[in-house]
Amino acid sequence: IDPSQFLRSLKNSFRKGGFPFFDVFAQQDVEVLELVLGELSSSSTIASDAYKIRSSTTIMCHTCLQLNITEDNTSILLLPVLKDIQVALRKIEESQVLTSSNTPFCHVCSSSKDSDSSFHLSSLGNYLIIQLNRFEVSDGTIKKNCVPVHCSPHIRVVTVYSELKYK
């Protein structure tokens, strides 16, 4: 099946949705999926609840102990490439210490400070859509991590492949 006609029909929607450089001839599976899910969400609360991901990120400043909690709703969960999906899910919920170049700005201290960061999935719909973060930039070159990822047999996986394109 040639999807180019379908993608051409989406081109106007992408431009209206803030994707002015959408190229129908480049592989952009995740962008297309996000647009389709956005359209479903706006027309059906039942559909949006089926794949909605609610999460929260907590950042605690090491200096003043101020907590900053950010809540987010999304439809696609970005995971690191690890040997197993369940390991990757546990990994994103591990606490991290943010130091040196990745310290967040603390509004109480009025400067960037070392902090602890934790991510928590608050609720999930019936379907969890995962995008594996397979691309890394190291020393100015883009590298793709092609390590196979295992998924438990009780989880049904639909894979969407996405290629990175830089302009």
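Okay, here's what the table says:
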read-out: Qualifying residue in the range 20-37 (condition: hydrophobic (A, V, I, L, M, F, W, C), under 21 Å from the mean Cα position of the chain (by Cα) and either at pLDDT 90 or above or in a strand (DSSP E or B) (or both)); value: no
read-out: Output for the range 134-153, where each listed residue is surrounded by 12 or more Cβ atoms within 10 Å (Cβ to Cβ) and without any contact (Cβ under 8 Å) to a residue 60 or more places away in the chain; value: Arg134, Phe135, Glu136
read-out: Residue match in the range 57-67 (condition: closer than 24 Å to Ser112 by Cβ, in contact with a His (Cβ under 7 Å, 6 or more places away or on another chain) and open to solvent by less than 40 Å² (accessible area, probe 1.4 Å)); value: no
read-out: First in the range 93-117 and under 14 Å from Asn68 (Cβ atoms) and assigned to a strand (DSSP E or B), second anywhere and open to solvent by 60 Å² or more (accessible area, probe 1.4 Å) and of a type in the set (Asp, Glu), Cβ under 9 Å, 6 or more apart; value: Leu98/Asp114
read-out: Tally of residues being touching a helix residue (DSSP H, G or I) at 6+ places or on another chain (Cβ under 6 Å), free of Cβ contacts under 8 Å to residues at least 60 places away in the same chain and outside any strand (DSSP E or B) across the range 49-87; value: 1
read-out: Enumeration of residues in the range 81-101 that are within 15 Å of Thr58 (Cα to Cα) and exposed (fewer than 13 other Cβ atoms within 10 Å of the Cβ); value: Glu93, Glu94, Ser95, Val97
read-out: Out of Leu124, Leu40, sole residue that is modelled with pLDDT under 90, within 30 Å of His150 (Cβ to Cβ) and more than 18 Å from the chain's Cα centre (by Cα); value: Leu40
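The values are calculated or read from the model by the stated rules, or taken from the named source; none is laboratory data. Just so it is clear, the structure is predicted and the values come from calculations on it, not from any experiment. In this analysis, Cβ positions are derived from the backbone assuming ideal geometry, glycine residues included, and neighbour counts consider all displayed protein chains. The accessibility values were calculated without ligands, DNA or RNA, using every heavy atom of the protein model including side chains. Shrake-Rupley method; radii C 1.70, N 1.55, O 1.52, S 1.80 Å.
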